[in-house]
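The values are calculated or read from the model by the stated rules, or taken from the named source; none is laboratory data. Bear in mind the structure is a predicted one, so any value in this text is a computation, not a measurement. Note: ideal-geometry Cβ built from the backbone for every residue, glycine included; neighbour counts use all protein chains shown.
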Amino acid sequence: MKTRLFLLTALWLFPAVCNTSMGGDHSGKSLVLNDALPALVDPTIDIRLRYEYGDQEALDPSHAATMRNRIGLLTRDLGGFQAFAEYEGTLAVDRDAYNPGNGNGPATRTVIADPESHELNQAWVSYNDPSMIWSLKTGRQGVNLDDQRYIGTVGWRQNMQTLDAAAVTWDPNEDLRVYYGYVWQVNRIFGSEAIAPPSTDFQGQSHLFNAKYEGLPFGTLSTYAYLLDLHHAAGDTNSSNSYGLRLTGDWIGQSKYLLEYAHQTDGAENPLDYSANYARAEVSRDLTDGVNAAVGYEYLGSDNGVGYKFPLATLHKFNGYADRFVSTPSEGLSDLYATVGTTVGGGIKLALTYHHFWDDGLDLSFGNEVDLVASKAITEHIMILAKGAAFQGENGQPDLTRAVLEVDIVY
């Protein structure tokens, strides 16, 4: 315990000690090591201190006090080539005070999926064609496509989800972008010590296709095909083929809209046999100066007792911050939600969201949830955030409450 507390304290002080010599902003500015020599590499530092409380009905509460550290080196552009390597480590003050969801820690406690972990988070090489028409990136990398509903880095959790992949992006003009990625391993959020079979990393031969066209008079059209071959210690039940269309744009007045439809079947060596649909519709609008609102409906279908799957998504962004539905129920899921957000005195951003959940046929109510988020930028490099979620379950769904307080430090 003393060693872990010492490490947490030392890493907390590290950016303050290093900032004067290492610069800070790694948004593309040249780093100067002395008055004459420009740096060949730009150090990056990303530290997050977090306390999360979780209390699910029929389980013991969890208290996760963790610190996540990412330290990387990004090279400058050398004839179109660039490389990046990054270490990521998460430390816990008391790893017995919560269930990290990876087979370590007390199974009787509520899951908070921030396990202790130490790993090579990213290690990639990229090349950008001088004409700016295409680019290539290969190695361990973070990938976010569209709004991360299918493919994301799971930025909310301490341990980032990365892909061992080779990806090419084609930009023939200012309106069209085409992405293809070949993935042979998925490094999941459950960390380097994961032992529970469902939490282990995925291997396989997955193909990610995504094309976005912004030249339509009524909005931006995205099309995608995600052919996921995902094998791990628990088997192949996450393998799937998803094909979809997504349309976003401006609507009446200052409103914006989102429409999406997709179809999914079992893929690769998946022993399940199912075929399900997905749909989402959302309208958002600025109500008054500084106040915005959104209302939406998301449908996750089911077939043969299998719910629509999103094994590589940033799931925390969808279906409530309590994370009750990170796995789609076998009956499917319908989510009717409304959000209102504003900024109050001192630059504090607030957002309040309400969800009501049913099965995919709207026959069985699963319950409702209220989420509240407050955040404030203290300096250019430091932000604080507080988040709470309260899910009240029905028809066998357990109640679940979460609360988070965190500090983010990025250089």
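May I ask you to list the residues in segment 299-324 that are of a type in the set (A, V, I, L, M, F, W, C) and in contact with a strand residue (DSSP E or B) (Cβ under 6 Å, 6 or more places away or on another chain)?
Result: 300, 322.
Just one of 233, 225 is among the aliphatic types (A, V, I, L, M) and in contact with a helix residue (DSSP H, G or I) (Cβ under 7 Å, 6 or more places away or on another chain); which is it?
233
Criterion first (more than 22 Å from residue 309 (Cα to Cα) and in a strand (DSSP E or B)) does residue 336 satisfy it?
Spelling it out, it is not the case that residue 336 is more than 22 Å from residue 309 (Cα to Cα) and in a strand (DSSP E or B).
With respect to the numbered conditions (1) farther than 23 Å from residue 307 by Cα; (2) assigned to a strand (DSSP E or B), which one is the sole condition not fulfilled by residue 224?
Answer for residue 224: the failing condition is (1).
Taking residue 302, is it touching a His at 6+ places or on another chain (Cβ under 9 Å) and in contact (Cβ under 8 Å) with a residue 24 or more places away in the chain?
Criteria not met by residue 302.
What number goes with the only condition from (1) farther than 20 Å from residue 111 by Cα; (2) among the acidic types (Asp, Glu); (3) touching a residue at least 40 places away in the same chain (Cβ under 8 Å) that residue 369 does not pass?
(1)
Taking the options 150, 180, name whichever one is more than 29 Å from residue 66 (Cβ to Cβ) and aromatic (Phe, Trp, Tyr). Don't jump to the end; show me each part of the working.
Details: 150 fails: more than 29 Å from residue 66 (Cβ to Cβ).
Selected residue: 180, the only one of 150, 180 that is more than 29 Å from residue 66 (Cβ to Cβ) and aromatic (Phe, Trp, Tyr).
Within segment 245-272, track down each residue that is over 25 Å from residue 187 (Cβ atoms), of a type outside the set (A, V, I, L, M), outside any loop (DSSP other than H, G, I, E, B) and touching a Ser or Thr at 6+ places or on another chain (Cβ under 8 Å).
246, 248, 249, 256, 257, 263, 265
Looking at 387, 309, 317, which is the one that is charged (D, E, K, R), surrounded by 16 or more Cβ atoms within 10 Å (Cβ to Cβ) and under 27 Å from residue 227 (Cβ atoms)?
309
Take the conditions buried (at least 17 other Cβ atoms within 10 Å of the Cβ) and either modelled with pLDDT of 95 or more or among the aromatic types (Phe, Trp, Tyr) (or both) and apply them to residue 91. Does it pass?
Yes, satisfied.
Mind telling me which of the residues 349, 376, 309 ends up being of a type in the set (D, E, K, R) and within 30 Å of residue 266 (Cβ to Cβ)?
The match here is 309.
Report whether or not residue 77 is modelled with pLDDT of 95 or more, of a type in the set (Asp, Glu) and over 16 Å from residue 201 (Cα atoms).
No, not satisfied.
Considering only residues of segment 393-409 that are of a type outside the set (D, E, K, R), out of contact with any Pro (no Cβ under 9 Å at 6 or more places or on another chain) and more than 14 Å from residue 54 (Cα to Cα), which is surrounded by the fewest Cβ atoms within 10 Å (Cβ to Cβ)?
Of everything passing the filter in segment 393-409, 396 is surrounded by the fewest Cβ atoms within 10 Å (Cβ to Cβ).
Can you confirm whether residue 337 is modelled with pLDDT under 95, under 23 Å from the mean Cα position of the chain (by Cα), at negative phi and crowded, with 16+ Cβ neighbours inside 10 Å?
no
Pick from segment 354-376 the residues that are hydrophobic (A, V, I, L, M, F, W, C) and in a strand (DSSP E or B): which of them is nearest to the chain's Cα centre (by Cα)? Spell out the reasoning first.
Our first condition is that a residue be hydrophobic (A, V, I, L, M, F, W, C); within segment 354-376, this holds for 357-358, 362, 364, 366, 370, 372-374.
Going one step further and asking which of them are in a strand (DSSP E or B), we end up with 357-358, 366, 370, 372-374.
Working: 357: 22, 358: 24, 366: 24, 370: 20, 372: 18, 373: 17, 374: 19 Å.
Among those residues, the one meeting the criterion is 373.
Would you mind stating whether residue 212 is closer than 25 Å to residue 140 by Cα, in contact with a strand residue (DSSP E or B) (Cβ under 6 Å, 6 or more places away or on another chain) and modelled with pLDDT of 95 or more?
When the stated conditions are applied, residue 212 passes them.
If residue 24 satisfies every condition in (1) in contact with a His (Cβ under 8 Å, 6 or more places away or on another chain); (2) at pLDDT 95 or above but one, which is the exception?
It is condition (2) that residue 24 fails.
Yes or no: segment 32-51 includes at least one residue that is over 21 Å from residue 404 (Cα atoms), at pLDDT below 95 and either surrounded by 18 or more Cβ atoms within 10 Å (Cβ to Cβ) or in contact with a Phe, Trp or Tyr (Cβ under 6 Å, 6 or more places away or on another chain) (or both).
Yes, segment 32-51 contains a residue that is over 21 Å from residue 404 (Cα atoms), at pLDDT below 95 and either surrounded by 18 or more Cβ atoms within 10 Å (Cβ to Cβ) or in contact with a Phe, Trp or Tyr (Cβ under 6 Å, 6 or more places away or on another chain) (or both).
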